[in-house]
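Please read the structure below before turning to the comments.
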């Protein structure tokens, strides 16, 4: 049975959940990914995404030891993600010269904490499922949370679009126009942290940053402003997701990895075509 036929099979609700998760995730990848790409904070988002594993490992350990019975891994992930975002934001704004050191430290320490606690958790806990994700295991609760975050992100982008665009492209100019760029930056980091936690179920901690940058990066070649980049990035992300899900289902491959490979391949093709066109125009200009 192919992927699209299985969508209508009553015995396979997990396939429909994966399909809906792909649609909902595309909104975050397109809208939030455009801001992350334009502001060039993918490195910050990467540190947050990897620090999340520390919260997941700690939550699993506390729940398994009955120290905090029933504590879900996502709760620990949210705490570590928001704490990491706050620390990175503070350092970025107050001690710019130490930013790279703090980012790399959080990246390494967060993952190390997670691996240590997962190793000491009674029973079997597979860190690979968190590192690389499995969209076929997405639950109805995950879909609801993704839908809520989609709504919040779209409303914030619509309500504060001028401030976001101004601070993304030229912070100094935005400040002269009265935009509180520091607050905008902290809110972007906080929302990115929440999105990373929910999106890691889809493509995993390791690859979530790829999907926050590749669709938006591809859209950047065809867009003239941030709004167009958000809309086109969402469309690209949706196309990559559906193509990746269908291909992974047919080839029996990890869905998250295939989605990222599709996105990466198209980004590289568009980048190469753009470079070739730019080179051709320069050659024509030099010939004149």
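We did not get these values from a lab; they are worked out from the coordinates using the rules stated. Source: prediction; values computed, not measured. With ideal geometry, Cβ positions are generated from the backbone for all residues, glycine too; neighbour counts draw on all protein chains shown.
Relative to the compact globular guide of 2.2 N^0.38 Å, what is the alpha carbon radius of gyration of region 235-288, as a ratio? The partial results should precede the final answer.
Details: Rg = 16.5 Å, N = 54, 2.2 N^0.38 = 10.0 Å.
So the Cα radius of gyration is 1.65 times the expected 2.2 N^0.38 Å.
Can you compute the helix-only [θ] at 222 nm over the chain? Use -39500 (n - 2.57) per DSSP H run of at least 4 residues, normalise by all residues, nearest 500 deg cm²/dmol. Write down the numbers at each step before the final one.
Details: 13 runs with 233 residues, N = 288.
Rounded to the nearest 500, it is -27500 deg cm²/dmol.
Have a look at region 95-231 and give its Rg and Dmax from the Cα atoms, expressed in angstrom.
My reading of the Cα-based Rg and Dmax gives 17.9, 57 Å.
May I ask you to derive the FRET efficiency for residue 172 and residue 16 from their Cβ-Cβ distance with R0 = 51 Å, giving the value to the nearest 0.05?
0.60
Return the FRET efficiency for the residue pair residue 182, residue 247: r is the Cβ-Cβ distance, R0 is 41 Å, and the value is rounded to the nearest 0.05.
That gives a FRET efficiency of 0.45.
Which of these, 205, 148, 74, has the largest mean-square fluctuation under a Gaussian network model of the chain (Cα springs below 10 Å)?
Among 205, 148, 74, the largest mean-square fluctuation in the Gaussian network model of the chain belongs to 148.
So what's the Cα pair-distance distribution over region 1-97, bin width 10 Å, in %?
The calculated distribution, bin by bin, is 14, 26, 30, 24, 5, 1.
Using the per-residue mean of other Cβ atoms lying within 10 Å as a proxy for protection, in what order, highest first, do the peptides 16-23, 66-73, 166-173, 44-51 fall?
The peptides rank, most packed first, as 44-51, 16-23, 166-173, 66-73.
Most fluctuating residue of 239, 273, 59 in a GNM of the chain with Cα springs under 10 Å: which is it?
Of 239, 273, 59, the most mobile in the Gaussian network model is 273.
Apply the Debye scattering formula to the chain, with a single equal point scatterer on each alpha-carbon and no solvent, then give log10 I(q)/I(0) at q = 0.08, 0.15 Å⁻¹.
Taking Cα atoms of the chain as identical point scatterers yields -0.36, -1.17.
Simple spin-label model, 7 Å along Cα-to-Cβ: residue 222 to residue 101 in nm?
So the label points at residue 222 and residue 101 sit 4.5 nm apart.
Which FRET efficiency, nearest 0.05, do residue 152 and residue 231 yield, Cβ-Cβ r, R0 25 Å?
With R0 = 25 Å, the Cβ-Cβ based efficiency is 0.90.
Taking only Cα atoms and a 10 Å spring cutoff, compute GNM fluctuations for the chain and point out the largest among 111, 211, 275.
Highest fluctuation of the listed residues: 275.
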